[in-house]
Each structure stands twice: as C-alpha cells, then as structure tokens.
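Every read-out reported here was derived from the displayed coordinates using simple, explicitly stated rules and does not represent laboratory data. Quick caveat, the model's predicted, so the values are computed rather than measured. Every residue, glycine as well, gets a Cβ built from its backbone with ideal geometry; the counts of neighbours run over all protein chains shown.
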Amino acid sequence: MHEAGLMAEAMNKAETLAMQCNADAVAGLTLRVGVLSGVALQALQFAFDAMKPGTVFEQAELRLEQVLPRLSCRDCGMEYAAQERGQRCPVCKGSNTSLLQGGELELAKLELIVREDRTS
C-alpha cells in the first residue's frame, strides 16, 4: 500500500508548514487527488487515521477532493474532459494529447490552530 508512504509525505510537508507558521496543531488537511493518480482514497484516509494519534494532526480532519481528468489535444488545442489517459480528441480525433489534470496528488489546503495567548 503506497498510500501510507504518500500520506506520510503529505503529513510531513504539512507539519513543516505548520511549524513555519508557529501553529499549535492542524485542524484540517485537504488533498487534491486525481482520478488517474492510481491512489485509493480509502487507503489514504486509513493511513491518515492510523498516523495522526499523538501528532499535530490528532484532532485534524482529512478532506479528499477528487480531480476529474482533463486532456489537451496538441494538434488542434481542444481541452476536454476524459475518462482515461490517451483518450482521442473529440474534435480532430487525434491521439496526440497531454494530461492537464487528473493525475495529481497535492496539498491544497491546510487549516491551522494558533493560540493567541502566547508570550514571547
């Protein structure tokens, strides 16, 4: 299950950002996950739930936003929704396409808890 490693990496990145902002904890973490990324959403959630106890994520909520695939035709410039990589262009029927979105796994939003009663 490579999702555990991916979640650990996302949590490390989020924790670093939280530390840079002098946050006490993380309230929420939103990941954008492309449909074609090969990442199982349930496995990401399971990994997050297993790793968060005793960390700055202990009370955090994980939100997973699924990103549908969009392709661009390199021949005619058409952008279109797709079901799979390499789907032919609906306008020119060409197969010279590139994936614009739908293959990503990215940290989209981080909600932090910062106590205002800190003393310097």
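Observations, loosely collected:
- Applying a DSSP loop filter and a limit of 14 other Cβ atoms within 10 Å to the GluC sites (Glu not before Pro) in segment 35-101 leaves E58, E84.
- Principal axis dimensions, largest first and in whole angstrom, of the chain by Cα: 64, 31, 16
- The chain, relative contact order in percent, only Cα pairs under 8 angstrom and at least six apart counted: 35
- By the Cβ rule of 4.7 Å, the chain holds the following cysteines without a possible disulfide partner: C21.
- Amide proton proximity set for M78, modelled H, under 5 Å, gap of 5+: C73
- Sites counted here are trypsin sites (Lys or Arg not before Pro) in a DSSP loop (not H, G, I, E or B) having no more than 12 other Cβ atoms within 10 Å; the longest part of the chain that contains none of them is 1-92.
- Summarising the strand pairing of the chain, around 70 percent of its internal DSSP beta bridges are antiparallel.
- The chain, helix-only ellipticity at 222 nm - DSSP H runs n ≥ 4, -39,500 (n - 2.57), divided by all residues, nearest 500: -8000 deg cm²/dmol
- HN-Hα J in Hz across segment 96-107 - Karplus 6.51, -1.76, 1.60, θ = phi - 60°, x for Gly and Pro: 8, 10, 9, 7, 8, 7, x, x, 8, 9, 9, 6
- For a straight C-alpha distance cut-off of 19 angstrom, the lysines reachable from K109 (same-chain residues fewer than eight places away being disregarded) are K13, K52.
- Count Lys and Arg as plus one, Asp and Glu as minus one, and take only other residues whose Cβ is under 14 Å from that of A50; the net charge is then -2.
- Under 5 Å from the amide H of G94 lie the amide H atoms of C89, each residue being 5 or more positions distant or on a separate chain, with H modelled from the backbone and absent for Pro and chain starts.
- Amide H contacts under 5 Å for A108, placed H, 5+ residues apart: T30, L31, R32
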